[in-house]
1. Could you check segment 73-82 and list, in sequence order, the residues that are over 16 Å from residue 51 (Cα atoms), without any contact (Cβ under 8 Å) to a residue 40 or more places away in the chain and in contact with a helix residue (DSSP H, G or I) (Cβ under 9 Å, 6 or more places away or on another chain)?
2. Considering only residues that are surrounded by fewer than 13 Cβ atoms within 10 Å (Cβ to Cβ) and under 21 Å from residue 115 (Cα atoms), look in segment 46-89 and name the one that is modelled with the lowest pLDDT.
3. Check 123, 165, 141 and return the single one that is buried (at least 21 other Cβ atoms within 10 Å of the Cβ) and outside the structural domain of residue 60 (by TED's automatic domain parsing).
Amino acid sequence: MRRDLVMVPDGHLEIFLDFRAVAGKKIPMLVGIRPNAIRLKTGRPLDIMGIKFMPGMFYSLFRASTAAFSKDFIPLSSVIGKAALPFNGVFKERTPAARMRLLNAILADCAGKREPMSRELSAALESMYARKGRITVGEMARTAGWTRRWFLETFKKWIGTSPRAFSKNLKFVIAVRELNAGNRPVAAAHEAGYADQPHLNRAFKSQMGLTPGETFKYKRHRKILPLEP
């Protein structure tokens, strides 16, 4: 199991495109990384390309919710339909740089046709970030000017997870950022809004399978953790 492929969600959607041979053909497969850490067993490194989407951007580009993603590899076409066809050409390119240029071109073309997130949902998301995840669903719904039910449905459709799970991830990433900055676990727990250090330890165990001390024991572990929420 490769340590450099341990990913931690940071409020953005992490997607890996995997072009390993399937039924004799190379087609894009993907895995969405949502509430929990995930460890990927991959083929050759050049068969994997990662994309990070801002919250709501995947739905904005492809009109497809990420809520149905599993931790298993699934065909990209099963999520976004015919919009997956341009991605088939990415791994026909011979070099990683050429693949990245084509991938950027595909996403830029999609961006020109994207559906913008509503101002109401954007305002609710901004309030969650401003309060570091310490906000209730009711408060976010009122910020958006929507009913609680409509807000929950719209949030999950666009973001791919519930407000509660998103808030939980945000708190965790704030704690990671504090630890990356060299702060002690007790201070990181306080800044992130955990009741105490044991609560932070349990969050790390849930997300990483390790305690904060175990995670940061070696400097090489730091590069696998997000620095920005």
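1. Residues satisfying the conditions are 78, 81.
2. 68
3. Just one listed residue meets the conditions, 141.
The values are calculated or read from the model by the stated rules, or taken from the named source; none is laboratory data. Note that the structure is a prediction, hence the values are computed from the model and not measured. Positions of Cβ are backbone-derived with ideal geometry, glycine not excepted, and every protein chain shown enters the neighbour counts.
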